[in-house]
Amino acid sequence: MPIESRQRIIHEERLETMLPQMPDYVQEYIRSKRRAKYSPSSLLGYVHEYLKFFNWLLSEAVANYEDIKSIPYSVLETLSKETVELYREHIENEDIRTEKEKIKSPPAPVRRRSKDAVDRNINALKSLFSYLTTETENEDGECYFYRNVFSKIKQRKEQETASRSAAKISSKVIKSNEISGFIEYLKFDYEKGLEATSAKMYKAYLKQKERDVAMISLLLGSGIRVSELASLTLQDINFHTREIDIIRKGNKEDTVLVLQAALEELKAYLRVRQERFNTKESDIYVFVSKYKGMVQPLSVRSIQTLVNKYTKEFYAQNEFSTGKGLSPHKMRHSFANDWILQGGDIITLRDQLGHSSIETTSKYTNLSRDEGKKVIEKMEENRNK
């Protein structure tokens, strides 16, 4: 395993760029989490969430200061519960389309944050406020303040059964019998549409086709997270044992199994990787791109964009298509769905996915709605005899 991934260095650099914009007490909080061995990726995510919050305080004149860095913690101490509830409503209802999406003709549909995105923001703020009210110390040996308004903010839990949760997941996965067709589409049919419409895009796809097919095959053939895929290095692959070494959340090292078909696509990509991207021995990351003549690891954002694009085009062939693509996380759901349908047990699935709790994995045990329908139909048939 690499001592330190390039992705980690990139996150650290971005964090160092953004931190000076933050108030001193936020910088102190980040330093404390660094000592607790939080990953640069997690800390960068926290800072992004704090930017949303502090910018809202300034825009709504809740804090009358020139910039974010000038906002004192006394403002946080005196925030009312009503103000914080208004902030949550803001991030739940804010239109997060880009300016480009808004001005194009016709404009893209309005997009709101998902419940998970809202929860991430609120949880990041809960963590900051908890630190400021319990772990800090001023010159008198007291915490900066003791009134934690975010302790009064309860997360809005979705009330649903395990079956309902599984049904929602199942509706957003590539079904077991579609996976091979999807890979074949990327290998042979996707480029045909480009050849007929855009010579430039056709040429670009031919250059990266093996990479993208291998990338998606690996997601669907192992169930790893997109961040784990982005940080995969050449020395992490063991074709003999059909395993890859990955870095889990919290920088934990792990080893997972990979379907042989996905490894064959990976081999096909590695055979042309140096020729297509002009890589050197120092370019240790498996999935790379070339930007301004420089080889660099394919970013998480780039992978997400590619997966969404390809799945959207694949499903566009279906007359009942919603017009939406899937995320890399749905590739993970797809793998789990197939695992359960093929008789895999929940314990080994937990280890394969790297879940810390069996409860997280248990939601996949109810994924097979089709199997349930077959049982219902059989019951109906027997009762009508």
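Cβ-Cβ distance below 6 Å, separation of 6 or more or different chains: which pairs start in the range 45-58 with a residue that is within 13 Å of Pro23 (Cβ to Cβ) and end on one that is in a helix (DSSP H, G or I) and open to solvent by 10 Å² or more (accessible area, probe 1.4 Å)?
Partner pairs satisfying both residue conditions: Val47/Met18; Phe54/Ile68.
For the range 83-98, indicate whether the set of residues that are open to solvent by less than 50 Å² (accessible area, probe 1.4 Å), closer than 29 Å to Asn138 by Cα and of a type in the set (Phe, Trp, Tyr) is non-empty.
yes
Can you go through Ser80, Ser130, Ser70, Ser151 and tell me which one is open to solvent by less than 80 Å² (accessible area, probe 1.4 Å) and either under 17 Å from Leu19 (Cα atoms) or under 22 Å from the mean Cα position of the chain (by Cα) (or both)?
That would be Ser70, the only listed residue that is open to solvent by less than 80 Å² (accessible area, probe 1.4 Å) and either under 17 Å from Leu19 (Cα atoms) or under 22 Å from the mean Cα position of the chain (by Cα) (or both).
Can you name every residue in the range 67-114 that is outside any loop (DSSP other than H, G, I, E, B), of a type in the set (Val, Ile, Thr) and under 26 Å from Val26 (Cβ atoms)?
Listed by number, the residues that qualify are Ile68, Val75, Thr83, Val84, Ile91.
Mind listing whichever residues of the range 170-188 are modelled with pLDDT under 90 and either surrounded by 18 or more Cβ atoms within 10 Å (Cβ to Cβ) or under 26 Å from Lys267 (Cβ atoms) (or both)?
Result: Ser170, Val173, Ile174, Ser176, Asn177, Glu178, Ile179, Ser180, Gly181.
Take the range 245-278 and flag every residue that is over 18 Å from Ile183 (Cα atoms), at pLDDT 95 or above and in contact with an Asp or Glu (Cβ under 7 Å, 6 or more places away or on another chain).
Of everything in the range 245-278, just one residue is over 18 Å from Ile183 (Cα atoms), at pLDDT 95 or above and in contact with an Asp or Glu (Cβ under 7 Å, 6 or more places away or on another chain), namely Val272.
Quick check on this structure: which one of Leu43, Leu57 is open to solvent by less than 10 Å² (accessible area, probe 1.4 Å), over 20 Å from Glu135 (Cβ atoms), part of a helix (DSSP H, G or I) and of a type in the set (A, V, I, L, M)?
After ruling out the rest, the residue left standing is Leu57.
How many residues are free of Cβ contacts under 8 Å to residues at least 60 places away in the same chain and either among the charged types (D, E, K, R) or surrounded by 13 or more Cβ atoms within 10 Å (Cβ to Cβ) (or both) if we restrict to the range 11-37?
Adding up the residues that qualify gives 18.
Every residue, every condition in (1) closer than 18 Å to Gly45 by Cβ; (2) in contact with a strand residue (DSSP E or B) (Cβ under 6 Å, 6 or more places away or on another chain), yes or no:
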| position | (1), (2) |
| --- | --- |
| Met215 | no, no |
| Ser231 | yes, yes |
| Gln235 | no, no |
| Phe239 | no, no |
| Asp245 | no, yes |
| Lys249 | yes, no |
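Give the residue that is farthest from Ser227 (Cα to Cα), with candidates limited to residues of the range 328-338 that are open to solvent by less than 40 Å² (accessible area, probe 1.4 Å) and within 14 Å of the chain's Cα centre (by Cα).
Per the criteria, the residue is His333.
Spot the failing condition for Ala166; the list is (1) at pLDDT below 85; (2) crowded, with 19+ Cβ neighbours inside 10 Å; (3) farther than 30 Å from Ser334 by Cβ, and only one is missed.
(3)
Restricting the search to the range 339-356, which residues are open to solvent by less than 40 Å² (accessible area, probe 1.4 Å) and at pLDDT 85 or above?
Leu349, Gln352, Leu353, Gly354, His355
Which ranges mark the strands (runs of 3 or more DSSP E) fully within the range 233-310 that have 3 or more residues being open to solvent by less than 70 Å² (accessible area, probe 1.4 Å) and either closer than 25 Å to Arg350 by Cα or not aliphatic (A, V, I, L, M) (or both)?
Filter on the range 233-310 gives 243-247, 253-257.
Please identify the pairs in which a residue from the range 106-117 that is open to solvent by 60 Å² or more (accessible area, probe 1.4 Å) has its Cβ atom under 8 Å from the Cβ atom of a residue that is at pLDDT below 85, counting only partners at least 6 apart or on another chain.
Pro107/Glu101; Arg111/Glu101; Lys115/Arg156; Lys115/Glu158
The values are calculated or read from the model by the stated rules, or taken from the named source; none is laboratory data. Fair warning: this is a prediction, and the values are worked out from it, not measured in the lab. Every residue, glycine as well, gets a Cβ built from its backbone with ideal geometry; the counts of neighbours run over all protein chains shown. Only protein heavy atoms, including side chains, enter the accessible area calculation; ligands, DNA and RNA are left aside. Shrake-Rupley method; radii C 1.70, N 1.55, O 1.52, S 1.80 Å.
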